[in-house]
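Some notes on the structure that comes next.
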Amino acid sequence: GAVVSQHPSRVICKSGTSVKIECRSLDFQATTMFWYRQFPKQSLMLMATSNEGSKATYEQGVEKDKFLINHASLTLSTLTVTSAHPEDSSFYICSARKTSRAGELFFGEGSRLTVL
Amino acid sequence: AQKVTQAQTEISVVEKEDVTLDCVYETRDTTYYLFWYKQPPSGELVFLIRRNSFDEQNEISGRYSWNFQKSTSSFNFTITASQVVDSAVYFCALLTGANSKLTFGKGITLSVRP
């Protein structure tokens with residue numbers, strides 16, 4: 001099966017710092033990756049869709065300058081939370097779409113961000 | 001617009017009971033996919049099933065079974081003889097469109113007591 005890896009799985013940072021989360025498709029190429037955010041005891045909300053080599057498409061209400069997404073290669077997308085604040089503390093999950101087949105989405109393990 | 005409704009928020013059962021988790025979806029697309037995921041306390045999403053809109057066949061996998069009814073826009077999930085390890089949050093999700101956007105329901109917290 002396809003594997004998507006996220007790193008780091010947990011990160012604690014001070015308020016005002018920036019944090020980068022990586023999402024890698026380990027055994028397939030992913031032209032499209034998705035970033036979700038999940039608050040405690042809530043559902044997953046799509047933040048943005050990133051396509052390799054182009055700018056990410058953000059969902060309404062998601063700050064582009066706050067959550068920088070880069071999809072520089074077919075196997076790597078990164079989410080950078082800039083100038084993080086406690087309200088950015090959340091569980092961030094990425095998913096990657098296998099290039100050729102619709103409906104084939106694979107999720108990473110998630111990254112738990114805590115901003116002090 | 002796409003929407004997934006999981007009306008049940010929390011379910012508590014005793015081990016060995018059967019439990020059905022409901023999922024109702026809305027979409028105008030004729031081609032779509034439905035998913036169920038399990039999210040244990042550790043947080044990762046565990047893929048359980050994917051069903052496309054053209055395949056209404058019910059599916060059974062061990063203690064798990066799914067009932068897909070297009071007439072009622074439902075995709076219900078039944079766990080037979082539940083076990084403590086089944087305790088988790090279960091999400092139903094709908095994928096539509098060429099861009100593969102996945103819409104999640106709010107999730108159902110299942111607690112299985114020994």
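No value in this document is a laboratory result; all are computed from the given coordinates. The model shown is predicted, which means the values in this text are computed figures rather than measured ones. Ideal geometry is used to build each Cβ from the backbone, glycine not excepted, and the neighbour counts take in all protein chains shown.
Among beta bridges from DSSP that stay inside the protein assembly as shown, the antiparallel ones total about 90%. Applying a threshold of 30 Å to the alpha-carbon distances of B:Lys70/B:Lys106; A:Lys20/A:Lys98; A:Lys14/B:Lys3; A:Lys64/B:Lys70 flags A:Lys14/B:Lys3; A:Lys64/B:Lys70 as lying beyond it. Size descriptors for the stretch A:18-81: radius of gyration and Dmax over Cα atoms are 11.7, 34 Å. Charging the Cβ of each Asp and Glu at -1 and of each Lys and Arg at +1, and nothing else, the dipole of chain A about its Cα centre rounds to 100 debye. Under a Gaussian network description of chain B, with springs only between Cα atoms under 10 Å, the residue in B:Phe68, B:Phe47, B:Phe104 that fluctuates furthest is B:Phe47. The Stokes-Einstein estimate for chain A, based on a Kirkwood radius over Cα pairs and taken at 25 °C with 0.890 mPa s viscosity, is a diffusion coefficient of 175 µm²/s.
Of interest is the spacing of the C-alpha centroids, which for the stretch B:49-114 and the stretch A:1-79 amounts to 25 Å.
For the peptide B:100-109, the mean number of other protein chain Cβ atoms found within 10 angstrom of a residue's Cβ is 5.
Highest GNM mean-square fluctuation among A:Thr17, A:Thr32, A:Thr49, for chain A modelled with Cα contacts below 10 Å: A:Thr17.
Build a GNM of chain B with springs between Cα atoms under 10 Å: which of B:Ser74, B:Ser65, B:Ser42 gets the top mean-square fluctuation? In this elastic network of chain B, the residue with the biggest mean-square fluctuation among B:Ser74, B:Ser65, B:Ser42 is B:Ser42.
So what's the net charge close to A:Ser18: Lys and Arg +1, Asp and Glu -1, counting the other residues with Cβ under 12 Å from its Cβ? For residues surrounding A:Ser18, the net value is +1. In this label model, B:Ile49 and A:Thr31 are separated by 3.1 nm, measuring between points 7 Å along each Cα→Cβ vector.
Packing order of peptides A:20-27, A:64-71, highest average first: A:20-27, A:64-71 (average count of other Cβ atoms within 10 Å over each peptide's residues). Database note for chain A: Cys without another Cys beta carbon under 4.7 angstrom, A:Cys13. Considering only B:Ser100, B:Gln69, A:Gly53, the residue lying farthest towards the positive end of the dipole of the protein assembly as shown is A:Gly53, judged by Cα position with unit charges set on Cβ. Of the Cα atoms belonging to the protein assembly as shown, the radius of gyration and Dmax stand at 17.8, 52 Å.
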